[in-house]
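Participant: Could you have a look at this structure, given as structure tokens, before my questions?
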Amino acid sequence: MKKIMAVMLSLLACTVLFTGCSTFPESNEEQSLKVYSFSGENEYISVSNGVIILDGKDEICYGGDLKVMSDDFADITAYSTTIYINGSEKEILLSNGVDDQTGGKIDVSGNVGEISCDFLRDGDADKLADNLWFKLKTTNLNGEENTYQVQLETTEITKAADN
């Protein structure tokens, strides 16, 4: 009986050791991990350090940093920012707005914001590289509205391993 117990324990120990040494294919969620960085600029605005993370179950869009490069933004009282995919129809990934109701001015430069949810439709991840855009819409003290758009250069920085 002692010999059978010793053999069983030895088999169990070997099984555990060999299991730890073997390699298992990654789960589908890990295989679908994609990380994109994006940035863009024109003569008025610059967007940098943007990131989109797709991991199969969660989608995260960090809009990055907005910087104004013109004096045209000195008397802004309201603005909105939108990151979207421009395809057959616009698909908004992230949108934020600020409106100063006190009559003061707002600094437009800063963090664009972030979102974590299912914001992409099927197949839209493939469109990120050539169709990602940023739009800034402003209103100044005189009530004049201006819209600035920048196509964002998008780079996939992490690709899933193919098995």
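Participant: Looking at region 74-115, which of its residues are open to solvent by less than 40 Å² (accessible area, probe 1.4 Å), more than 26 Å from the chain's Cα centre (by Cα) and closer than 18 Å to Ile45 by Cα?
Facilitator: The answer is Ile76, Thr77.
Participant: Mind listing whichever residues of region 29-61 are within 10 Å of the chain's Cα centre (by Cα) and either crowded, with 20+ Cβ neighbours inside 10 Å or in a loop (DSSP other than H, G, I, E, B) (or both)?
Facilitator: Tyr36, Phe38, Gly50, Ile52, Leu54, Cys61
The values are calculated or read from the model by the stated rules, or taken from the named source; none is laboratory data. Please read all numbers here as calculations on a predicted model, not as lab measurements. Using ideal geometry, Cβ is built from the backbone for each residue, glycine included, and neighbour counts are taken over all protein chains shown. Remember, those area values only see protein heavy atoms, side chains included, never the ligands or the DNA or RNA. Shrake-Rupley method; radii C 1.70, N 1.55, O 1.52, S 1.80 Å.
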